[in-house]
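Just below is one structure, and these are the notes that go with it.
The values are calculated or read from the model by the stated rules, or taken from the named source; none is laboratory data. Worth saying up front: this structure is predicted, and the values here are computed from it rather than measured. Quick reminder, even Gly has a Cβ in these numbers, built from the backbone with ideal geometry, and neighbours come from all protein chains shown.
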Amino acid sequence: MRGLWVGTAIGVLLCAGCSDGEDGSVEVTTTDSAGRTTVVTQEVTEDPEPSPDDAATTTTTFISAVLEGPEGTGVAFDLPDTWSIQTLGEAERTAAPDPEAVAPVQWCLVPPSAPPAIDGCSGVLVALGPDWLPGHAGAAYSLRQVEGWRSTPGPLSCPLGEEGTPVDVATVTSTPDDVEATADPTPDDTEVDLLVTAAEGMPLTTTQSEVDGRTVTYETWRAACSLSEDVVIAPQVWQDQDLGVLVRDYFGLPETVVIVESLREV
C-alpha cells in the first residue's frame with residue numbers, strides 16, 4: 001500500500017506542468033545530504049483520460065432480489081443487474097436423514113460469464129431453509145466439515161484447463177470411472193485431472209462475525225488440480241445462522257461479498 005501512495009504522489013508531481021493529453025517536460029529540484037540542489041528536466045507523458053466506455057466496464061449496478069423459501073421463509077439481497085437466478089429445487093439429505101425436518105431450497109446466482117458448474121451451479125449457490133442447510137455428500141452443513149464447500153460426493157474432475165479456461169462442463173461433475181466410460185481400460189485416478197482439496201478436505205479458515213446484528217460464519221478451502229498443479233481455486237462458504245441461509249462461492253467471485261452483506265429478511 002505504501003508503494004501505491006508513493007507512485008501516485010510522483011505521478012501528480014511529474015504531470016503538474018503537462019498540457020492535456022500532450023507530452024511535456026517538468027523541472028524537478030532535488031536536495032542531497034550536503035544541502036546542494038540539483039535541477040533535473042524530465043520528459044513526461046500524461047495518461048489519457050479514461051473514456052466513458054472504460055468507466056462503464058468497471059461499474060456494477062445492483063438491484064434488489066427476493067428468494068422465497070420453505071415454511072414461509074424468505075430473504076432479500078442485492079444482486080448485480082447482469083446476473084440471473086436459476087432455481088435448483090430442494091436439497092436432498094441422505095446422511096442422517098430426518099423425515100420431520102424441512103428440506104432447504106437452493107438457487108444458483110449466475111453471472112454473465114458463468115464459471116464451470118459445481119453442484120449443478122455455474123455461479124454462486126444460495127440455500128435457504130429453517131431446519132438444515134446442505135453440506136457434503138447428502139449431510140447437513142456443519143462448521144469444520146470435511147469437503148463442506150461442495151455437496152457433490154466423490155472426486156471431481158478439474159474444472160479449469162492449464163490456461164485457467166473452463167473445461168467441458170460435463171466433466172466437472174464426473175468421477176474417474178465416468179470419464180471415457182467406453183474406453184478399455186477405464187482411466188484410473190492417476191490418468192484423470194482431479195480437483196483435490198488441501199488439508200484432507202478440512203477448511204483452512206473458519207471465522208465468525210456479526211453483520212447487522214446477525215451471526216455469520218465464514219470458511220475457506222483451497223483445491224488444486226492433481227495434474228495441472230498451477231490450477232487452484234479458493235472456495236468460500238458463508239452461513240447466516242439467524243436467516244438460515246448458506247452461500248457457497250466456488251471460485252471467489254468479487255460480487256459475492258456484497259450479496260452476503262446485503263442479506264435481509266422479508
**Report entry** Criterion: within 21 Å of residue 157 (Cβ to Cβ), part of a strand (DSSP E or B) and not polar (S, T, N, Q) - qualifying residue of 195, 227, 246
**Finding:** 195
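Conditions (1) under 24 Å from residue 63 (Cβ atoms); (2) modelled with pLDDT of 90 or more; (3) not hydrophobic (A, V, I, L, M, F, W, C), marked per residue:
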| position | (1), (2), (3) |
| --- | --- |
| 148 | no, yes, yes |
| 162 | no, no, yes |
| 177 | no, no, yes |
| 189 | no, no, yes |
| 196 | no, yes, no |
| 213 | no, no, yes |
| 244 | yes, yes, yes |
| 250 | yes, yes, yes |
Report task. Test each condition in (1) closer than 19 Å to residue 244 by Cα; (2) within 22 Å of the chain's Cα centre (by Cα) for residue 114 and report the one that comes out false. Result -> (1)
Query raised in the report: within 25 Å of residue 205 (Cβ to Cβ) and polar (S, T, N, Q) - does that describe any residue in segment 110-120?
Result: no
Requested in this report: At least 3 residues that are of a type in the set (S, T, N, Q) in each: list the strands (runs of 3 or more DSSP E) lying fully within segment 80-135 that qualify.
Outcome: 84-90
Query raised in the report: What pairs come up if the first residue lies in segment 225-237 and is closer than 19 Å to residue 144 by Cα and in contact (Cβ under 8 Å) with a residue 24 or more places away in the chain, the second is among the acidic types (Asp, Glu) and surrounded by 20 or more Cβ atoms within 10 Å (Cβ to Cβ), and their beta carbons are under 7 Å apart, counting only those six or more places apart or on different chains?
Result: 235/249; 236/249; 237/219
**Report entry** Residue count, segment 215-238 (criterion: more than 15 Å from the chain's Cα centre (by Cα) and under 17 Å from residue 202 (Cα atoms))
**Finding:** 3
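Does residue 152 satisfy being at pLDDT below 95, of a type in the set (S, T, N, Q) and assigned by TED's automatic domain parsing to the domain that holds residue 253? Give the steps one after another, and end with the answer.
Values: at pLDDT below 95: no; of a type in the set (S, T, N, Q): yes; assigned by TED's automatic domain parsing to the domain that holds residue 253: yes.
No: the conditions fail for residue 152.
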